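Okay, structure first, notes after.
The values are calculated or read from the model by the stated rules, or taken from the named source; none is laboratory data. On a predicted model such as this, the values are computed, not experimentally measured, just so you know. Neighbour counts are summed over all protein chains in view; Cβ atoms, including those assigned to glycine, are modelled from backbone coordinates with ideal geometry. Accessible surface is based on the protein model in full, side chains and every heavy atom, while ligands, DNA and RNA are left aside. Shrake-Rupley method; radii C 1.70, N 1.55, O 1.52, S 1.80 Å.
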Amino acid sequence: MGPSRSGARRSSLGVLLLSCALAVGTVVAAPSSAAPGLRGPSARYVDTMTVPDNFIPFPARFGGLSGIDNIGGGNYVAVSDDKVQYGATRYYQFGLPITSDGMFASATPQINGGGTILGPGNAPILPGGADLEGIRKLGGNLVVSSEGARPFVRVITPPGLFVRDLPIPRAYLPGRSTGLAVNDGFEGLAVTPGGSIALMTEQALAQDGPAPTKAAGSRSRLLIYGARGGTSEYVYRTDPLARNASNRASKGVSEILAVNATDFLVLERGFDPATGRNDIKVYFSTTRGATSVTGVNRLSGRETVMPKTLVYDFASVPLLRPDNVEGMAFGPRLSDNRRALILISDDNFNNPTQHTKLHLLALRF
């Protein structure tokens with residue numbers, strides 16, 4: 001259970017973490033994969049909210065939150081990747097009061113809505129029929145993404161009613177040795193200011209290469225559905241595994257957030273069961289200068305990948321355990337004209353080992 005907060009009062013833990021962040025610096029040094037000359041925003045850590053494990057125990061347990069978005073008016077939506085074990089396929093809507101200096105002003109999210117995400121014909125999604133990973137506002141509707149054996153990208157109305165599914169290119173369809181892996185699919189979801197829908201795979205498609213190793217990262221794909229039709233595709237290379245990682249460690253893209261039509265914040269998440277620690281980094285990346293691989297079934301390995309530069313490494317706050325961070329959204333403008341960036345962790349319904357946490361970074365573009 002997280003520290004108690006009342007109004008804008010800072011907990012002693014929050015002050016300690018913020019002090020450590022300021023002492024260490026804004027970010028740790030960028031990795032050698034950073035692109036020379038590419039400039040992204042600077043970031044500093046501000047606050048963390050740990051949601052009580054039994055915040056909403058039933059009828060739809062609060063947890064498994066794998067995506068979050070700002071829908072305006074101080075309200076946010078977050079999607080659960082529950083596979084109909086603790087409730088229907090669903091999303092929550094809640095207020096998230098934030099002070100002008102970027103501190104969470106309430107002890108918990110303030111639930112004020114949500115809905116059940118339905119399938120074609122507004123039929124309920126059956127157990128195992130979805131593994132929801134992303135949610136974004138799309139005009140007056142919402143768009144969600146799901147990985148698994150039958151991945152989909154679905155536009156829904158705010159209560160969750162079915163509008164349409166986007167066609168998934170053939171190269172992405174799961175097969176014996178091609179397409180999206182069951183648990184490494186469309187993890188990243190973004191909507192650009194112009195209304196294009198962008199998705200990024202957690203790791204490489206089966207035909208494009210292996211998962212990350214200690215020697216090299218994995219070649220994820222960025223797939224963009226244009227607001228006026230058509231698609232475009234680019235390659236993003238994740239970081240390699242840490243040199244001291246165990247043979248069970250993993251790493252991949254867990255979220256993307258559009259800055260504009262070409263630039264994105266990319267959340268890379270790693271986990272090593274040997275240490276029980278998560279490796280969480282935020283990068284700034286762009287399609288500018290990257291090779292278009294639109295319609296290409298199998299990558300050659302000679303493509304120019306999307307350049308990237310490190311924005312923030314949660315390892316710069318040594319006392320903070322960020323947990324399994326999977327979602328990312330912009331928050332309000334702060335008093336120093338920085339932009340709040342809110343990140344949310346997926347507890348995997350694995351309490352008390354894991355928790356739902358909301359982290360707030362302050363960005364300066």
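Before moving on, here are some points about what is shown:
- If R0 equals 30 Å, the separation of the Cβ atoms of Ser42 and Ser100 corresponds to a calculated FRET efficiency of about 0.95.
- Extension gain, Arg333-Asn141: 0.36 nm per intervening residue step, less the Cα-Cα distance, totals 66.7 nm.
- Apportionment of accessible area to carbon and sulfur, the range 225-365, percent (1.4 Å): 47 percent
- Of the Cα atoms belonging to the range 272-365, the radius of gyration and Dmax stand at 17.0, 48 Å.
- Surface per residue (accessible, 1.4 Å probe) for the range 59-173, Å²: 36 Å²
- Length gained when the stretch Ser246-Arg150 is fully extended (0.36 nm per residue, less Cα-Cα span): 31.5 nm
- Secondary-structure-derived ellipticity at 222 nm for the chain, considering helices only, amounts to -1000 deg cm²/dmol, per-run term -39500 (n - 2.57) for DSSP H runs with n ≥ 4.
- Residue pairs, from the table Lys214/Lys251; Lys137/Lys357; Lys251/Lys281; Lys308/Lys357, whose Cα atoms sit over 19 Å apart: Lys137/Lys357; Lys308/Lys357
- For the range 51-119, the fraction of C-alpha pairs farther apart than 14 angstrom is 60 percent.
- Under Karplus coefficients 6.51, -1.76 and 1.60, residue-wise ³J(HN,Hα) of the range 105-114 in Hz, glycine/proline x: 9, 9, 6, 9, x, 9, 4, 9, x, x
- Cα-Cα pairs of the chain separated by more than 38 Å (percent): 11 percent
- Label point distance in nm, Phe162-Phe58, each placed 7 Å from Cα along Cα→Cβ: 2.9 nm
- Taking every Cα-Cα distance in the range 186-336 and sorting them into 5 Å bins from zero, the calculated P(r) comes out as 2, 9, 18, 22, 20, 14, 8, 5, 2, 0 percent.
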